[in-house]
Each structure stands twice: as C-alpha cells, then as structure tokens.
Amino acid sequence: MLEGQEGASYEDILRIARTSERLGFGAIFRSDHWLPIMGSRVLDATDAWATLAGLARETSTIRFGTLVSPMTFRHPSELAKQAATVDQMSGGRLEVGFGAGWYEAEHAAYGLPFPPLKERFDRLEESLKVCTALWSEGMSATVEGQYYCLENAPGKPKPAQRPLPVIVGGKGERRTPDLTVRFAQEYNTGGTPQVWAERRARVMAACERAGRDPSTLSYSWMTSTCVGATEADAWKSAERRFKHAQQTGDVKAWIAEQQTRGMLFGGAEQAANTLGKALAVGATRWYFQIVPDPDDAVLEVIASEIIPRIQS
C-alpha cells in the first residue's frame, strides 16, 4: 500500500508496481489524497485514478486499487465510470476502496467542501448505492437520494469483473460495519492486532444482524511498515521515514509511539511474529503501507525474508 501523495511520481509508482509483480505480491494499492500528509507540501501528490489507468496497461498480472477513495472528491457517477473503464483496461484486475474522507486540510487547500461527519457518511452510503447500481447487470440505473439522483443512467461501460470488488475501510463503530456488510467484499482497517480484532468483531456482528454469512467477507489489515532483514536495517528505514515526516526529537520515541498504533517494525523475525499474530486473529490479507524510497529494498525483504517465515 503506497502513500502516493508523498512525492511519488508515476515512474516511481510504476517501478514499485513492476517490482511487486516480479516478487509475487498479490496486489499494489495506493492512497487517494491530493495533499501530502507526512511530508512537505512541495512534494508531488499524483492523482490516484490517473496513475491506476497507467498501471492497468503497464502491468500484466498484479491486482491494484485505491485504499481508499474519499467520496468528498468525486461525484459517484464519475467514479463509477472511471473504475469500470480502468477495470476493462486491466483485463479485470481492479478493486475499489471507498471511504467517507477525513483529511480536512486537503479539502481546504483545493476548495473542496468538507461537510460534517454525518453528512460525509450519508454521501458515502449514497455513493456506494450509485456505483454498485451502475456496475450491476441491469440495462440502466435509477437512484433517488438526498445528494445524488440518477435517472435511467446506462452505466456503460460495465466493469470486466462482476461484481467489481468493493472495499470499505475505516474504524467507525456503527455505520462502517453496516455499509461493509451491505456493499463490500472486503473490510479493511488497521491498528494493533488486538484493536484490529475488535473492529473485525463489530463487522462480523453486523453480518449476523443482516443475515450475511461473515465468511463471505475478506478481512484485511493495513499497517505502516518499517522493516529490514535485521533490526539495524529496520532502524535505517525508520530514520528515513522520520526525516520524510519532518519530525523533531527522538526517532526511537517516535517509533515507539507509532507501534502503539500498529506500525510493523523490526527485523524479519520480529515482523513475521507480528504478522503471525494478525493471522491468528483472522486477517486474510495484509497491506504493507510504505512511503516511496529511493530503492525497493523493503519489498525484497518482505518477499524473501518475512513471508517465508510465516509460510513455514
């Protein structure tokens, strides 16, 4: 999971995608933000959907998508058409993450409305209705909503995949689980393994209330990642992340604080043990959240040093 707004050019993203494909990763996802979060505002913050269209044509087998696209940026009809087109361009390898939006600073910077939380969730719900209706098998879609109304919209082109995989991400205690159960094939969240398990339990409870089999959902874990073959290598990665985030003070204290939020940190053995705990509480997919580095050493370490330890 690449933080594409932190200075990554399209060539950086393509290089990481091709390296990930060569190493056997199942997918590459990227954030959908218009403003850097950790680094300086002078860094490039490339558009998520423009870069995904490029990856659709310049990769062959790896899956890809957004984690997640905030529904404050785009009209859902526009997103539905973009996603269906990109899915066709890739031969059916796209997955779409939906979120309510949270980063107020980027909305202020670019003149985008940032409504109160309840309205953002209302818009997210209607956006999920609109997109899934347009992607469905029907000849046309009609949606009557408070914010979005469609009248006999053809919904063309259709995505190559039926259904087009939908991911709902977040940590909300009520509406996030309910929307996941109604619309998604995957639920994604982060945190420590204990926190992650508590959030997963809320989604499973929502499945029970709605009469949906909880096993029909995938449950994924996203974690900020500073790893290396050895702990010393992990500290070098942490120092680069610390510098990029323009932090002041002690890098060790910063890492300790990040670990309370679920950061994956350490050498290969330590990282594999942490991932094993996530596996034990039900995670079936892991997203290694990285900030672009000058090289792709972290991908090599994950593929050759960490994953084999879990598999064994």
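The values are calculated or read from the model by the stated rules, or taken from the named source; none is laboratory data. This one's a predicted model, so the numbers in the text were calculated from it and none came from an experiment. Here the Cβ is made from the backbone with ideal geometry for all residues, glycine too, and neighbour counts use every protein chain on show. Note: accessible area is taken over every heavy atom of the protein model, side chains too, but ligands, DNA and RNA are not part of it. Shrake-Rupley method; radii C 1.70, N 1.55, O 1.52, S 1.80 Å.
When every residue of region 216-227 is checked against the conditions, at least one turns out to be farther than 23 Å from Ile16 by Cα and open to solvent by 70 Å² or more (accessible area, probe 1.4 Å).
Quick check on Ala278: is it part of a helix (DSSP H, G or I), among the aliphatic types (A, V, I, L, M), modelled with pLDDT under 95 and in contact with a strand residue (DSSP E or B) (Cβ under 9 Å, 6 or more places away or on another chain)?
yes
Scoring Arg240 on the criteria (1) surrounded by fewer than 19 Cβ atoms within 10 Å (Cβ to Cβ); (2) at pLDDT 90 or above; (3) touching an Asp or Glu at 6+ places or on another chain (Cβ under 9 Å); (4) not in a loop (DSSP other than H, G, I, E, B) leaves a single failure, condition (2). The single condition among (1) over 29 Å from Ala201 (Cβ atoms); (2) assigned to a loop (DSSP other than H, G, I, E, B); (3) modelled with pLDDT of 90 or more; (4) small (Gly, Ala, Ser) that Ala283 does not meet is (1). Just one of the listed residues (Cys131, Cys149) is closer than 16 Å to Arg74 by Cα and touching a helix residue (DSSP H, G or I) at 6+ places or on another chain (Cβ under 7 Å), and it is Cys131.
Filter region 302-312 down to the residues that are open to solvent by 20 Å² or more (accessible area, probe 1.4 Å) and not acidic (Asp, Glu), then identify the one that is modelled with the lowest pLDDT. I'd like the intermediate steps shown before the answer.
In the first step, residues of region 302-312 are kept if they are open to solvent by 20 Å² or more (accessible area, probe 1.4 Å); the result is 303-305, 307-312.
So of that shortlist, the ones also not acidic (Asp, Glu) come out as 303-304, 307-312.
Numbers: Ala303: 96, Ser304: 96, Ile307: 93, Pro308: 94, Arg309: 93, Ile310: 89, Gln311: 84, Ser312: 79.
Among residues in region 302-312 that are open to solvent by 20 Å² or more (accessible area, probe 1.4 Å) and not acidic (Asp, Glu), the one modelled with the lowest pLDDT is Ser312.
For region 175-194, a tally of residues being open to solvent by 50 Å² or more (accessible area, probe 1.4 Å) and either modelled with pLDDT under 95 or on the phi > 0 side of the Ramachandran plot (or both) returns 1.
For region 45-54, the set of residues classified as of a type in the set (A, V, I, L, M, F, W, C), part of a helix (DSSP H, G or I) and over 15 Å from the mean Cα position of the chain (by Cα) consists of Ala50, Ala53, listed by residue number. Pairs linking a residue in region 198-221 that is in a loop (DSSP other than H, G, I, E, B) to a residue that is open to solvent by less than 50 Å² (accessible area, probe 1.4 Å), with Cβ atoms under 6 Å and 6 or more positions apart or on different chains, are Arg212/Val181; Leu217/Tyr187.
Listed here are the residues, each with its yes/no results for (1) farther than 21 Å from Arg120 by Cα; (2) modelled with pLDDT of 95 or more; (3) of a type in the set (S, T, N, Q); (4) more than 18 Å from the chain's Cα centre (by Cα).
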{"site": "Gly39", "(1), (2), (3), (4)": "yes, no, no, yes"}
{"site": "Ala56", "(1), (2), (3), (4)": "yes, yes, no, no"}
{"site": "Thr59", "(1), (2), (3), (4)": "yes, yes, yes, yes"}
{"site": "Leu79", "(1), (2), (3), (4)": "no, yes, no, no"}
{"site": "Val86", "(1), (2), (3), (4)": "yes, yes, no, no"}
{"site": "Ser90", "(1), (2), (3), (4)": "yes, yes, yes, yes"}
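The set of residues in region 5-31 that are open to solvent by less than 40 Å² (accessible area, probe 1.4 Å), touching a residue at least 60 places away in the same chain (Cβ under 8 Å) and not in a helix (DSSP H, G or I) comprises Glu6, Gly7, Ala8, Ala27, Phe29.
Might you check whether a residue that is outside any loop (DSSP other than H, G, I, E, B) and in contact (Cβ under 8 Å) with a residue 60 or more places away in the chain occurs anywhere in region 122-145? Looking for residues that are outside any loop (DSSP other than H, G, I, E, B) and in contact (Cβ under 8 Å) with a residue 60 or more places away in the chain, one finds none in region 122-145, hence no.
Kindly indicate the residue of region 243-255 that is within 24 Å of the chain's Cα centre (by Cα) and in a helix (DSSP H, G or I) and also modelled with the lowest pLDDT among those meeting that condition. Out of the qualifying residues, it is His244.
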